1. What do the square roots of 5 times the Cα gyration tensor eigenvalues come to for segment 84-128, in whole Å, largest first, as semi-axes of the equivalent ellipsoid?
2. On C-alpha positions alone, give me the angle between the axis of helix 156-167 and the longest principal axis of the chain, in degrees, nearest 10.
3. Choose one of Gly12, Val129, Ala60: the residue whose Cα lies farthest towards the positive end of the charge dipole of the chain (beta-carbon charges +1 Lys, Arg; -1 Asp, Glu; about the Cα centre).
4. For the chain, what is the convex hull (Cα atoms) projected area averaged across all directions, in square nanometres?
5. Expressed in nm to one decimal, what extension gain is obtained for the pair Glu79 and Ala404 from 0.36 nm per residue of sequence separation less their Cα-Cα distance?
6. If each of Leu349 and Asp212 carries a label point 7 Å out from its Cα toward its Cβ, how far apart are those two points in nm?
7. Among 444-452, 55-63, 469-477, what's the highest-first ranking by average C-beta atoms within 10 angstrom per residue?
8. Show the residues, 5+ positions off or on another chain, whose built amide H is closer than 5 Å to the amide H of Met256.
Amino acid sequence: MSTISLNNYVGGELTMFSASQFTPVYNPSRGELIAQAPDSDAHEVDRAVQVAKKALPDWADTPVVERARVMFRFAHLLEENFEELARLVTREHGKTHEEAKGDIRRGIEMVELACHAPTLLMGQALDQVARGIDGRVERHPVGVCVGITPFNFPAMVPLWMFPVAIACGNTFILKPSPKVPLTPLRLAELLTEAGLPKGVFNVVLGGNQTVDALLTHPDVAAISFVGSTTVAKYIYETGTAHGKRVQAAGGAKNYMLVMPDADFDAATNQIMGAAFGCSGQRCMAGSIAVAVGKAGDPLLERLHDSATKMKVGPTDGNSAVDMGPVIDAAARDRILSYIDLGVKEGAKLNTDGRGIQPTDGAEGFFVGPTIFDQVAPQMQIARDEIFGPVLSVMRMEDLSEAIAQANQSQYGNGAVIFTRDGGAARTFARYANCGMIGVNVGVPAPMAIFPFTGWNQSFFGDLHIQGTEGFHFYTHNKVVLSRWPSPEDPGKRVLGW
Ligand code: NAD
């Protein structure tokens, strides 16, 4: 398989430049190098920003129904190319074909949301706010927007951002994870095919120096970020210090409480998906299961049974597997070192994913499903985001103790309860200190119409990604007060008052 040298996509076409540094792009199922992503420097970033800035006035002046029409065509093209896109996601990320289809589907739902721009951008109006004066609120684009995205959803996370930003009349520069650049570049081609004017959407490849040049560029107005917490905080602090509007979503460690009255089979099914789906590389991954009261033994037995039956292997082959590889060798080694650490810390290794033999003997970046029992809150495996297929099980006496423990987490994306008791579910939903709650739902990731409401160290900013909050982030309000005195004001007489 040949290795492709990739280019940026600026002004509606691929742009060649000579980079001095590259990030390798792998097919994680085979450990094969498939492409090289160049690291754009400040000069390349400025080139893209100037193109986006030049395209801004015409695009911002384009009637919103015409902007929405481009999004309708884009959604249609994504449907037409659905299978090809899913295969591309699988190839560069390693998730299973079904998971890749989910990545695209959730992304298309964001484009469908962007098609509602004419309704969602409507302002407010009130006549006669003072004598002879009418008032209205309008929503205006903020300018050149930037999206910086992680590796774990090559399609969905970029699509969380740019369709809404563009439908709002902004121009956009996407800086995707250099580990998964192929899908974003294909999305850019499809947007051009959908009729988007050149320069409205651009893709700039690179790593830290590219991000820094975008964060500090005086012509960038807003930055959307999704990635790990340390970087999210840095992006928020640096971006706002440079006068930009920033929304920055970070990492997580999501708790799943299992009450003694839960349907254990259904809960096990949900927990398996939450812990091991996408090989545990999800910010909404359920990484800690808290067995409350007598739930521990029946739960552990079922989890172990299901985990040992999972088929792990390459996702680009013909045979169906339940779980694919992790993104690269560094991620695999980091996850394996966390499993070693858990053993050292004294947790009981119930299911060991080390030394897994993947199906068809593929030499990719594999870690098998791993379950620790008897995990104590102070252990590092209980506190850190491992971002791999490692599930920690804790045991607690009652609901209050379990909620109090979950609320110790520095993060705040999601928390889940499995129970048949409405009162327990209500108490949990009210008091869990995080932004997305699942009741008998393992991964409470909201649909496009709702905001993705991370709390605490899982989000920095005010307006979240998705839903109407996304439209608010990519626009600012303008209040217009008008006085138009009429030379012949019939006043109340025409109403017969
Ligand atoms: P990451 O933070 O390493 O990288 C994210 C982006 O930031 C990439 O584009 C990368 O090039 C850039 N970047 C990385 N380090 C940087 C630095 N020092 N300076 C400037 N830019 C830098 O994250 P990742 O490993 O690609 O993705 C996994 C993380 O993303 C996990 O922590 C996961 O929880 C999180 N995530 C969060 C959400 C959410 O909605 N909260 C969604 C998906 C993923």
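1. They are 38, 7, 7 Å, listed from largest to smallest.
2. With both axes taken from Cα atoms, the answer is about 0 degrees.
3. The residue sitting farthest along the positive end of the dipole is Val129.
4. In nm², the orientation-averaged hull projection of the chain is 27.7.
5. Extra length available between Glu79 and Ala404 comes to 112.6 nm.
6. In this crude spin-label approximation the distance works out to 4.0 nm.
7. Highest-to-lowest ranking by the protection proxy: 469-477, 444-452, 55-63.
8. Here Ile288, Ala289, Val290, Val416 satisfy the definition.
The values are calculated or read from the model by the stated rules, or taken from the named source; none is laboratory data. What you are looking at is a predicted structure, and each value in this text was computed from that prediction instead of being measured. Glycine also receives a Cβ, built like all others from the backbone with ideal geometry; neighbour counts cover every protein chain displayed. SASA here: full protein model, heavy atoms, side chains in, ligands and nucleic acids out. Shrake-Rupley method; radii C 1.70, N 1.55, O 1.52, S 1.80 Å.
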